């Protein structure tokens with residue numbers, strides 16, 4: 001009889017931290033001259049995927065892998081459906097709200113860039129007030145926690161009421177745009193949970209749900225849904241949900257197997273076979289790329305071939321970390337990545353906040369000062385990006401240990 005699978009895999013946290021590190025690195029390369037093609041997002045119309053095009057889907061795949069170890073444990077413990085769905089909806093709402101606020105913060109504009117920058121900093125500060133974990137006070141001083149979160153919500157509403165948008169001032173200028181990275185994670189999480197919970201965590205339901213989301217993409221690109229009321233509304237999240245929910249479900253399928261199987265070699269064989277099946281499915285779809293762009297490898301279009309190929313690569317990347325961390329036990333030097341992986345939301349909020357502060361500093365120093373003026377070419381720019389990525393990833397782990405963490 002196979003031994004019981006552990007409730008926690010250290011490789012999941014390390015994998016998540018490695019993705020955060022890669023995300024910071026490729027994001028800071030934006031604007032650097034001479035960056036090779038494989039470190040840039042493939043442009044629209046291109047039929048390939050770069051390393052950069054793998055970072056975000058790898059994070060979504062990891063979200064799915066963790067689902068059986070977190071949400072699945074709740075369901076296995078006999079938790080009623082009502083509280084589970086409230087947890088899912090609250091988490092989705094939080095992620096979508098953060099993404100919505102951040103994407104509108106990025107689009108803020110005005111004749112006074114100093115005031116716009118200060119508005120952005122204040123907005124990020126309110127998000128931190130709302131979603132800080134408050135580990136030291138949550139039990140001992142719950143009233144203080146409620147007061148701080150209420151203050152964050154009220155101040156955030158006031159700031160959004162005077163939002164300096166390109167489309168207008170205040171609430172009229174707010175729009176979801178592309179929902180932002182965190183918002184996309186929220187919609188993908190909800191789309192995957194619809195299958196994971198209703199399908200009773202069965203493998204066939206997860207794989208079937210993933211296939212249905214991929215077919216849904218084909219239907220969207222064929223225009224089959226254009227006649228639906230409000231389908232073309234910018235507030236319709238389904239087009240953004242479909243490819244990303246499929247990636248989360250692919251990760252959930254792997255996580256479900258890992259949750260029920262503790263033997264390392266069985267895990268290795270299944271992961272390799274699963275990755276191979278995903279890759280072959282992607283290759284079969286990509287064979288029709290000359291017929292229609294929906295069959296190309298395109299992150300921008302969110303094509304099924306890109307989803308499947310990304311899931312295959314993500315599974316193999318995790319497998320390499322699993323063999324090193326959980327099987328060989330070589331965890332020395334990975335603790336900072338694991339800690340950062342447990343505090344990923346902190347990174348998503350603090351890093352853009354820090355860059356807004358840098359922009360304000362450059363503005364105060366006068367013309368000619370800008371972040372991208374520091375090491376603007378590729379070799380030096382890559383070194384700068386690496387330093388930034390390592391520094392913020394390390395700080396995320398330090399902040400977690402000091403109690404400064406964000407959690408939905």
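Structure data summary
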read-out	value
Cross-chain or 6+ apart pairs with Cβ under 7 Å, the range 288-304 first and at negative phi, then in a helix (DSSP H, G or I) and surrounded by fewer than 18 Cβ atoms within 10 Å (Cβ to Cβ)	294/218; 301/293; 304/218
Qualifying residue in the range 239-257 (condition: more than 27 Å from residue 48 (Cα to Cα) and over 21 Å from the mean Cα position of the chain (by Cα))	yes
Among (1) more than 24 Å from residue 399 (Cα to Cα); (2) in a loop (DSSP other than H, G, I, E, B), the one test that residue 171 misses	(2)
Residue that is crowded, with 21+ Cβ neighbours inside 10 Å, free of Cβ contacts under 8 Å to residues at least 40 places away in the same chain and over 27 Å from residue 100 (Cβ atoms), where the choices are 312, 385, 339, 391	312
Residue list for the range 54-74, restricted to those being surrounded by 16 or more Cβ atoms within 10 Å (Cβ to Cβ) and more than 22 Å from residue 300 (Cα to Cα)	65, 66, 67, 68, 69, 71, 72
Any hit, the range 272-283, residues being under 24 Å from residue 92 (Cβ atoms), in contact (Cβ under 8 Å) with a residue 12 or more places away in the chain and surrounded by 16 or more Cβ atoms within 10 Å (Cβ to Cβ)	no
Matching residues in the range 341-373 - criterion: being more than 28 Å from the chain's Cα centre (by Cα) and assigned to a loop (DSSP other than H, G, I, E, B)	366, 367, 368, 369
Residues (within 24 Å of residue 67 (Cβ to Cβ) and in contact with a helix residue (DSSP H, G or I) (Cβ under 7 Å, 6 or more places away or on another chain)) located in the range 273-299	274, 275, 278, 279, 281, 282, 299
Qualifying residue in the range 321-334 (condition: under 30 Å from residue 217 (Cα atoms), surrounded by fewer than 21 Cβ atoms within 10 Å (Cβ to Cβ), modelled with pLDDT of 90 or more and out of contact with any helix residue (DSSP H, G or I) (no Cβ under 7 Å at 6 or more places or on another chain))	no
Unique residue being at pLDDT 95 or above and part of a helix (DSSP H, G or I) when the list is 61, 124	61
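The values are calculated or read from the model by the stated rules, or taken from the named source; none is laboratory data. Bear in mind the structure is a predicted one, so any value in this text is a computation, not a measurement. As a convention, Cβ positions derive from the backbone with ideal geometry for all residues, glycine included, and neighbour counts pool all protein chains shown.
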